[in-house]
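The values are calculated or read from the model by the stated rules, or taken from the named source; none is laboratory data. Worth saying up front: this structure is predicted, and the values here are computed from it rather than measured. Here Cβ is always computed from backbone atoms with ideal geometry, including for glycine, and neighbour counts include all displayed protein chains.
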Amino acid sequence: MSGRFTLACLDMAGTTVEDDGAVEEAFSRALTRAGIGPHTPRRVEAQRYVVETMGQSKADVFAALLDADAAAVATEEFARAYEALVAQGRVHPIDGAEAVLDALRERGIKVCLTTGFAPTTRDALIERLGWKGHIDLALSPADCGRGRPAPDMIFGAMERLGVQSAASVVVVGDTISDLASGRAAGAGLVVGVLSGAHNALTLATVPGTALIADITELISILDQGP
């Protein structure tokens with residue numbers, strides 16, 4: 001099956017990257033900075049929304065929860081907090097993820113990392129992981145227009161990497177937003193991993209999705225026959 005595919009769009013946190021709860025911690029700091037105090041009904045509701053919308057643009061999430069000024073403050077604080085946690089070594093590759101990146105490229109499949117992070121946060125993370133030489137491209141919503149579940153990052157990757165057909169794209173992620181973006185793009189294969197934010201029951205709500213335990217099982221799926 002691997003010959004069918006020329007591009008893999010892989011999510012970062014929860015899919016290829018383990019961050020030991022850094023995303024949730026950065027969200028918590030951002031909500032507090034924006035005036036939604038802990039142990040309040042509004043905070044409980046906000047935290048629920050954050051979990052439901054994992055995988056989406058962080059700016060979009062805060063825009064849905066807050067007025068424009070507070071959302072801008074929260075977005076800035078999230079990036080600052082997460083980048084500080086990255087610098088502290090709170091993030092590392094999911095076991096076997098780097099080998100998967102290399103195996104994909106060895107098979108002639110270009111690799112794009114996609115994320116809801118701002119470009120500066122994304123780049124700090126890639127730098128910390130030492131992955132610049134293991135990927136072809138990395139994209140954030142700011143690079144392409146809309147964040148997930150819209151398909152813009154997938155289409156942006158196709159355009160930049162010279163991929164003509166969405167049927168030759170495999171999309172992998174740990175949230176329903178990741179999977180919905182793959183479906184919206186018409187990707188040839190959409191794969192949910194159980195290593196991140198959403199469980200199997202939640203991911204299965206996106207029809208036509210393959211489920212695997214973690215990213216290390218991706219190559220075996222691609223190498224299977226049609």
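How do the pairs read when you match residues in the stretch 169-180 that are in contact (Cβ under 8 Å) with a residue 40 or more places away in the chain with residues anywhere that are crowded, with 24+ Cβ neighbours inside 10 Å and basic (Lys, Arg), using Cβ under 6 Å and keeping only pairs 6 or more apart or on different chains?
If the second residue must be crowded, with 24+ Cβ neighbours inside 10 Å and basic (Lys, Arg), the pairs left are 177/148.
Residue by residue through the stretch 7-26, note down the ones that are buried (at least 21 other Cβ atoms within 10 Å of the Cβ) and modelled with pLDDT of 85 or more.
Answer for the stretch 7-26, where residues must be buried (at least 21 other Cβ atoms within 10 Å of the Cβ) and modelled with pLDDT of 85 or more: 7, 8, 9, 10, 11, 12, 13, 14, 15, 16, 17, 26.
Test of understanding: among 6, 15, which residue is in the same structural domain as residue 177 (by TED's automatic domain parsing) and in contact with an Asp or Glu (Cβ under 6 Å, 6 or more places away or on another chain)?
On the way: 6 fails: in contact with an Asp or Glu (Cβ under 6 Å, 6 or more places away or on another chain).
None of the others qualify; the one that does is 15.
Within the set of pairs 6 or more residues apart or between chains, which connect a residue that is farther than 9 Å from residue 137 by Cβ inside the stretch 110-124 to a residue that is among the β-branched types (Val, Ile, Thr) and not in a loop (DSSP other than H, G, I, E, B) with Cβ atoms less than 6 Å apart?
Going by the 6 Å Cβ cut-off, the qualifying pairs are 124/86.
Pick out the one residue from 23, 91 that is closer than 16 Å to residue 125 by Cα and in contact with a Lys or Arg (Cβ under 7 Å, 6 or more places away or on another chain). Even if it seems obvious, please write down each step before you answer.
Details: 23 fails: in contact with a Lys or Arg (Cβ under 7 Å, 6 or more places away or on another chain).
Being closer than 16 Å to residue 125 by Cα and in contact with a Lys or Arg (Cβ under 7 Å, 6 or more places away or on another chain) holds for just one of 23, 91, which is 91.
Of the numbered conditions (1) assigned to a helix (DSSP H, G or I); (2) surrounded by fewer than 19 Cβ atoms within 10 Å (Cβ to Cβ), residue 90 satisfies every one except a single condition; which is it?
Condition (1) is where residue 90 drops out.
With respect to residue 191, is the statement that it is modelled with pLDDT of 95 or more and farther than 14 Å from residue 115 by Cα true?
Details: modelled with pLDDT of 95 or more: no; farther than 14 Å from residue 115 by Cα: yes.
No, not satisfied.
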